[in-house]
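Enquirer: Sending over a structure as structure tokens; questions will come in a sec.
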């Protein structure tokens with residue numbers, strides 16, 4: 001014989017199903033949240049590494065520019081001490097023809 005528990009059995013079964021559904025959805029939501037946080041952390045770490053590389057490149061470029069400027073100052077000083085200026089070739093004048 002089969003026993004029927006009545007309305008309380010139906011309510012208990014419904015609550016059991018609802019709790020299982022809430023646990024499943026909650027589990028999926030927590031995994032998605034953890035995954036997005038890990039993904040965000042990875043992108044922040046990658047950004048920090050990239051910024052470090054950019055900083056090194058900027059520092060190296062500044063050093064090279066300083067070396068170039070020092071070389072130009074030295075060449076200017078030598079030319080100024082020399083005393084006789086180098087002849088500057090002039091570009092030929094433009095010929096205007098009537099049309």
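The values are calculated or read from the model by the stated rules, or taken from the named source; none is laboratory data. None of the values given here were measured: they were computed from a predicted structure. All Cβ positions, even for glycine, are placed from backbone atoms using ideal geometry, and neighbour counts span all protein chains on display.
Results for (1) surrounded by 10 or more Cβ atoms within 10 Å (Cβ to Cβ); (2) modelled with pLDDT under 85; (3) on the phi > 0 side of the Ramachandran plot, shown as yes or no for each residue.
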{"site": "65", "(1), (2), (3)": "yes, no, no"}
{"site": "74", "(1), (2), (3)": "yes, no, no"}
{"site": "83", "(1), (2), (3)": "no, yes, yes"}
{"site": "86", "(1), (2), (3)": "no, yes, no"}
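Enquirer: Free of Cβ contacts under 8 Å to residues at least 40 places away in the same chain and not in a helix (DSSP H, G or I) - does that describe any residue in region 57-79?
Expert: Within region 57-79 (the criterion being free of Cβ contacts under 8 Å to residues at least 40 places away in the same chain and not in a helix (DSSP H, G or I)), the answer is no, since none of the residues qualifies.
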